[in-house]
Amino acid sequence: MAGKAVIIMGSERDLDFSREIAKYLKLLGVNYEFRVASAHKTPLTVLEILKEFEKEKVVYITVAGRSNALSAFIDGSTAKPVIACPPYSEKYGGADIFSSLRVPSGIGSVVTIEPEGAAIAAAKILGLEDPEVLAKVKGYQETKRKDLEVANESVRKLK
């Protein structure tokens, strides 16, 4: 049974950011689904979503800004991996990231602020049991290394 990422956003305003994550998941061969639920406003819906995927191999990616209770709430309610990927907010000068970093004891969500990073982390987790996804992760990493080697050669010629 292949795994997938379930991207749960705190509101529909997070959809464009979530689509960026999905773009990288697709590149890495990871299936995904979108959901919208709020730990503050619709906690029962969050729990229903978790119940829906209880018997599946999933990694949750949470996308919620401001007071990101969603990530910790989900992590405390499931044994599945949770990757918090809060969108950057100019309005708060990035200070809202602390709600993703400072969480209660017993919470083990991973935090990354880049959509690419969230997708790579999810793919690596799912790649532990899916050799095709693992191969795509390795290929993606190799492409990034080659890009840097080309850039290095290019700048070495500059004077």
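Laboratory data are not the source of any read-out in this text; all were calculated from the coordinates shown. Predicted, not measured: the structure shown is a model, and the values here were computed from it. Please note: Cβ atoms are built from the backbone with ideal geometry, for glycine as well, and neighbour counts cover all protein chains shown.
Here are a few things to note about the model shown:
- Percent RCO, i.e. relative contact order, over the range 4-156, from Cα pairs under 8 Å lying at least 6 residues apart: 25 percent
- Between GLU52 and ILE113, the simple label model (points 7 Å from Cα in the Cβ direction) yields a spacing of 3.0 nm.
- Around the Cα centre of the range 1-78, unit charges on the Cβ atoms of Lys, Arg, Asp and Glu (plus for the first two, minus for the last two) sum to a dipole of about 100 debye.
- Folded to 0 to 90 degrees: helix 115-127 orientation relative to the chain principal axis, Cα: 80 degrees
- Label point 7 Å beyond Cα of SER105 along Cβ direction - residues of the range 40-74 with amide nitrogen under 17 Å: none
- Projecting the Cα positions of SER38, GLY117, PRO86 onto the charge dipole of the chain (unit charges on Cβ atoms of Lys, Arg, Asp and Glu, taken about the Cα centre) puts GLY117 furthest along the positive direction.
- Residue-span extension gain [LYS91 to GLU153] - 0.36 nm each, minus C-alpha spacing: 18.4 nm
- Of the residues ALA5, ASN152, ILE107, the one whose Cα sits farthest toward the positive end of the charge dipole of the chain, with +1 on the Cβ of Lys and Arg and -1 on the Cβ of Asp and Glu, is ASN152.
- Each Lys and Arg Cβ is given +1 and each Asp and Glu Cβ -1; about its Cα centre, the chain then shows a dipole of about 380 debye.
- Computed on the Cα atoms alone, the convex hull of the chain gives a volume of 133 cubic angstrom per residue.
- Here the Karplus curve 6.51 cos²θ - 1.76 cosθ + 1.60, taken at θ = phi - 60°, turns the phi angles of the range 54-61 into couplings of 3, 9, 9, 7, 9, 10, 8, 10 Hz, with x standing for Gly and Pro.
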